[in-house]
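The values are calculated or read from the model by the stated rules, or taken from the named source; none is laboratory data. Keep in mind the model is a prediction, meaning the values are calculated, not measured. As a convention, Cβ positions derive from the backbone with ideal geometry for all residues, glycine included, and neighbour counts pool all protein chains shown.
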Amino acid sequence: MTIRARAPYIVLAALYLLSGLAGFLSPYRYQEQDRNHFYAPPTKLHFQDTAGRWHLRPFVYRMVLSDPLEVRYQEDPSVAYPVKFFVAGSSYRLLGLFPMRHHLFGVDAPGRIFLLGSDQLGRDVFSRSAYASQVSLALALAAVLLSFGIGLPVGCVAGYYGGKTDTLLMWLADLVLAIPGLYFILAVRGALPLDTPTLPALALLILILGLLGWAPVARVVRASTLSLKEREFVLASRASGGSSAGILIRHIAPHLASFTFTQAALTAPFYVLAEVTLSYLGLGVSEPLPSWGNMLTEAHNPVVLQRFWWMLSPGLFLFLTVVAWNWVGNALRDFFDPHSEPL
Amino acid sequence: MEVARRLLRPALLRLASSLLIVVAIVFLCHGMVSLAGGRFGDTWERPGWTGGATLGREELPWYAQSARWVGLAARGDLGDSLTYRRPVTELLAAAIPHSLALALAAILGALALSIPLGILSAVKRGSYSDRLLAAAVFVQLSVPTLFLALVALMVAARTGWFPLGGAGSGAGGSGLGDYLRHLFLPTLVLTARLTAIYLRQVRASMLDVLREDYLRTALAKGLPRMRIYFRHAFPNASHALITLVGMSFATVMSGALAVEVVMSWPGLGRLTAEAVLSRDMPLAVGGVVAATLALLAGNALAEAFLRVVDPRIQAEVR
């Protein structure tokens, strides 16, 4: 494999790694507030000081609220705060396990570095976006695993055994396919109290997404199994006394790998988006825990949209994630089926 | 008689199975609610509210609740909304036309864009315009509708060219022009996504058709190119597109949910989302069922249309 062919996988893996290291990569904790810096614009990195000298190490100036009514900030050039690496700051747990205090970059207090500005409580949008990626990425992976974990066996069994089993399973699949997913999730989530803790709510969300997502998988797997079971190698293994289960697992399932991996990568973004939409509506991850969805809710306000454009930056993280998954999906399809049309 | 055999019987079968599916979904809704730990009756408990007479507040198990719901729904009674204190059917009837207008406008817009662009892309395969369109499709499919809606709203807020959501200004203009002005931005956001989905399909189907011998004949005969592509090739490439349009009702409905909420478009998605947020379960269940019906209707319409367009398709009876 050339580097170019590997690129999509590297990008996706990097994305997951970065989200795991969110605590280290972000200068602040997601819940850290600074009421003196609400809606502060992205901090400018300077290389040239007021005397006109150039510095190799970038530095920032402290932002001072010059107009509290209009929310305008001015830089105070009297003190420069150089950007430092591996600075000690608030403590967190790396990968949720190892207690640590050092962050990849930061500036000494009272200086502040907001790469993507701050929100109405003075929380760093960059840090919050980084933490938010953990929820979205983990959830997508779990929902994909669940839906394929159900869809693959169901499709195999329906296609291989046929008859009444097939009819029943495919009727179930049709039923699930007829459910407008987002509406259904809304209704079920609505039955839970609105102040349900985030973790059980997320677990339920994964469960529903998985239970809705298996149907399209099962349909395609069934169709492939139907044609695969007529092939000579299946006949041969049956003639040599192979059991049905053995044939399914050893001989038929491997042929479904290409579809499985490609489709898994291409459906993952839908699960990310479902979480974002629900959190946007206030039914997924709830404050103070950050999610790209609930961060975008705060941007939904004409004044914010007009003046504080950086509040939309979680959307860029979201976009990057979806691009990475789609890219991997396309790469997998080309890998398994080189004759497919590149698109 | 021939028409009846080809069109009516499959339609009736489909109707029967659709009804079964809707009933099953009602049971599923109630079942999931009780599984999730909430009792369906709980949300009825509201101080000072004595309505909801149609749906009992008594503690029925979920399957009995669902059976009751289905029985009442069969008589056209979906209960009363808790927040609006009006029949759910009335609220749905007010919201659905808005959703339908949005969906139709978006689908028509997407078809108008994707068919010529898709044909161009297939005919000039490998050219710069083809590659540019492919890249645009890839990027567009990766932009979440929710985010695009917010960006569109930002543009509207900054430029003032478009109204900031809603379906009517109330004060100034009213009537069709004003409605269309409000419809424009949500439609644009949905159209962008649908165009990408349709374009990919049109291109793929056209590439298949362009390999056929009869097109080489047409080319050899010296027919005008445009006539060949649009009149001879495209109709044969349109089957997958028709199915896709029918299926994209689902995409439109759930994509529209985000757009409707962001842009305050008074459609079905926004109504359902608000019902859930205000714990108005009768309205929420009504919204889910209405969305299900819309989805089934979309698929059925696409299939019926395909049967009319193409007599080769046999009535497949399952």
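Quick notes on this one:
Okay, residues lined up against (1) assigned to a helix (DSSP H, G or I); (2) touching a Phe, Trp or Tyr at 6+ places or on another chain (Cβ under 9 Å); (3) more than 14 Å from every other protein chain (Cβ to nearest Cβ):
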site	(1), (2), (3)
B:Tyr214	yes, no, yes
B:Arg231	yes, no, yes
B:Pro235	yes, no, yes
B:His239	yes, no, yes
B:Met247	yes, no, no
B:Leu271	yes, no, no
B:Pro282	yes, yes, no
B:Val285	yes, yes, no
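- Residue match in the stretch A:166-179 (condition: among the aromatic types (Phe, Trp, Tyr), within 14 Å of chain B (Cβ to nearest Cβ) and farther than 30 Å from A:Leu296 by Cα): yes
- Residues (more than 20 Å from the chain's Cα centre (by Cα) and within 20 Å of A:Tyr81 (Cα to Cα)) located in the stretch A:1-34: A:Pro27, A:Tyr28, A:Glu32, A:Gln33, A:Asp34
- Members of the stretch A:283-303 found to be more than 15 Å from A:Ala132 (Cβ to Cβ) and without any contact (Cβ under 8 Å) to a residue 60 or more places away in the chain, listed by number: A:His300, A:Asn301, A:Pro302, A:Val303
- Residue identified as at the interface with another protein chain (Cβ under 8 Å from one of its Cβ atoms), surrounded by 20 or more Cβ atoms within 10 Å (Cβ to Cβ), within 23 Å of A:Val144 (Cα to Cα) and among the hydroxyl-bearing types (Ser, Thr, Tyr) among A:Thr262, A:Thr277, A:Thr321: A:Thr277
- Across the stretch B:202-212, the number of residues qualifying as surrounded by fewer than 21 Cβ atoms within 10 Å (Cβ to Cβ) and part of a helix (DSSP H, G or I) comes to 5.
- Filter result for A:Ala223 (among the small types (Gly, Ala, Ser), touching a residue at least 40 places away in the same chain (Cβ under 8 Å) and either surrounded by 15 or more Cβ atoms within 10 Å (Cβ to Cβ) or away from chain B (no Cβ under 13 Å) (or both)): yes
- Residue satisfying all of: in the stretch B:66-82; under 19 Å from A:Tyr183 (Cβ atoms) and touching a helix residue (DSSP H, G or I) at 6+ places or on another chain (Cβ under 7 Å); surrounded by the fewest Cβ atoms within 10 Å (Cβ to Cβ) among these: B:Val70
- Residues in the stretch A:1-25 that are of a type outside the set (A, V, I, L, M, F, W, C) and modelled with pLDDT of 80 or more: A:Arg6, A:Pro8, A:Tyr9, A:Tyr16, A:Ser19, A:Gly20.
- Only a single item in (1) in the same structural domain as A:Ala109 (by TED's automatic domain parsing); (2) modelled with pLDDT under 80 is not met by A:Pro58, and it is number (2).
- The numbered conditions (1) within 13 Å of chain B (Cβ to nearest Cβ); (2) closer than 30 Å to A:Tyr160 by Cα are all true for A:Ala245 except (1).
- Counted residues, the stretch B:168-183 - those being closer than 23 Å to B:Ala95 by Cβ and modelled with pLDDT under 65: 6
- Within the stretch A:10-30, the set of residues being in a helix (DSSP H, G or I) and touching a strand residue (DSSP E or B) at 6+ places or on another chain (Cβ under 7 Å) comprises A:Gly23, A:Phe24, A:Leu25.
- Test result for A:Gly210, on the phi > 0 side of the Ramachandran plot and either more than 9 Å from every other protein chain (Cβ to nearest Cβ) or outside any helix (DSSP H, G or I) (or both): no
- Selected residue (criterion: farthest from A:Gln306 (Cα to Cα)) from residues of the stretch A:33-86 that are touching a Phe, Trp or Tyr at 6+ places or on another chain (Cβ under 7 Å) and polar (S, T, N, Q): A:Gln48
- Residue satisfying condition, being surrounded by 22 or more Cβ atoms within 10 Å (Cβ to Cβ), assigned to a helix (DSSP H, G or I), out of contact with any Leu (no Cβ under 9 Å at 6 or more places or on another chain) and in contact (Cβ under 8 Å) with a residue 24 or more places away in the chain, within set A:Gly159, A:Gly151: A:Gly151
- For first residues located in the stretch A:259-279 and within 16 Å of A:Leu212 (Cβ to Cβ), partners that are outside any helix (DSSP H, G or I) and lie 6+ apart or on another chain with Cβ distances below 6 Å form the pairs A:Leu273/B:Pro144; A:Glu275/A:Gly284; A:Leu278/A:Gly284.
- Selection status of A:Val71, among the aliphatic types (A, V, I, L, M) and either at pLDDT below 80 or over 32 Å from the mean Cα position of the chain (by Cα) (or both): yes
- The residue list A:Val221, A:Val234 contains one member that is modelled with pLDDT of 85 or more and assigned to a helix (DSSP H, G or I), which is A:Val221.
- When the residues of the stretch B:121-159 are filtered to those that are within 25 Å of the chain's Cα centre (by Cα) and in a loop (DSSP other than H, G, I, E, B), the one that is surrounded by the most Cβ atoms within 10 Å (Cβ to Cβ) is B:Pro144.
- For A:Val188, the requirement of being part of a helix (DSSP H, G or I), within 14 Å of chain B (Cβ to nearest Cβ), within 30 Å of A:His251 (Cβ to Cβ) and at pLDDT below 85 is not met.
So that you can scan it fast, the table gives a plain yes or no per residue for (1) within 28 Å of B:Val155 (Cα to Cα); (2) more than 11 Å from chain B (Cβ to nearest Cβ); (3) not in a helix (DSSP H, G or I):
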residue	(1), (2), (3)
A:Ala257	no, yes, no
A:Val272	yes, no, no
A:Pro288	no, yes, yes
A:Gly293	yes, no, no
A:Leu305	yes, no, no
A:Phe317	yes, no, no
A:Asn326	yes, no, no
A:Asn330	no, no, no
A:Phe335	no, yes, no
